[in-house]
Amino acid sequence: MASPASTATYQLRMRGFDSRIVERAGSYVAAYAKALNLEHSHVRLPRRIRRFSALKSPFKFHKHWDHFEWRVHSRVVTLKGVGLETERHIGIIKDELPAGVNLRVECERTFRMPLPAEGAVAAAPGALPVDGGAIPLVRIKRLADEWKRGLTLVD
C-alpha cells in the first residue's frame, strides 16, 4: 500500500479552571484516540496562576484590599491522522467535552512530494523538480493557500 500524499498532526489544547474536569477531558480524548488506533500523546502543561488585587472601598479605607487568583490548567493531546476521517472524529470530541473546558485545535499538514525520475528535465530556477518536469514555486504557494482555505485541489 502506498503512503498517503499528505498527513496531518492535530494538537488539541484544553484549558479550564477545574483541574479534575480538564484531566478527565484529556483522558477521554486519549482513550477515544486509542480506541480508533490513532497515534496520540497526552501532555500536561504547567498551570498558570494570575493574581490580582482590588480595593474594597471606592472612596475610603485604602488599606483594605481583596486578593483574587485564577488558576488555569492545560492539557495537550496530539493526534496524527490522515484525511477527513480524523477531522470528523475531532468534531465528535468537541461535542462530547464537558462544560468548563475550552478546546482549541491546531492542524499541521505535511505533504509528500514525489521524487524526480531519472533523466527528468532539469528544473528552472525557482521551481521544484517532480516527475517529468517541474512545478513553479508560485503554483505550490497557490496550492497551499487553496488547501488552507479548504478548497478541493483539482488539476
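What are the residues in segment 60-83 that are surrounded by 13 or more Cβ atoms within 10 Å (Cβ to Cβ) and of a type in the set (K, R), if any?
R71, R75, K80
Taking segment 38-59, which residues are surrounded by fewer than 10 Cβ atoms within 10 Å (Cβ to Cβ), of a type in the set (K, R) and either outside the structural domain of E23 (by TED's automatic domain parsing) or within 20 Å of N102 (Cβ to Cβ) (or both)?
Hit for segment 38-59 is R50, nothing else.
Just one of A35, A30 is surrounded by 15 or more Cβ atoms within 10 Å (Cβ to Cβ), under 20 Å from I92 (Cβ atoms), among the hydrophobic types (A, V, I, L, M, F, W, C) and assigned by TED's automatic domain parsing to the domain that holds A99; which is it?
A30
Which residue out of G100, G26 is at positive phi and at pLDDT 85 or above?
The unique qualifying residue is G100.
Which of the numbered conditions does A54 fail, given that it passes all the others? Conditions: (1) small (G, A, S); (2) modelled with pLDDT of 90 or more; (3) closer than 16 Å to Y10 by Cβ.
Only one criterion is unmet by A54, namely (3).
The values are calculated or read from the model by the stated rules, or taken from the named source; none is laboratory data. None of these values were measured; they are calculated from a predicted model. Methodologically, a virtual Cβ is constructed for each residue, glycine included, from the backbone with ideal geometry; neighbour enumeration extends over all protein chains shown.
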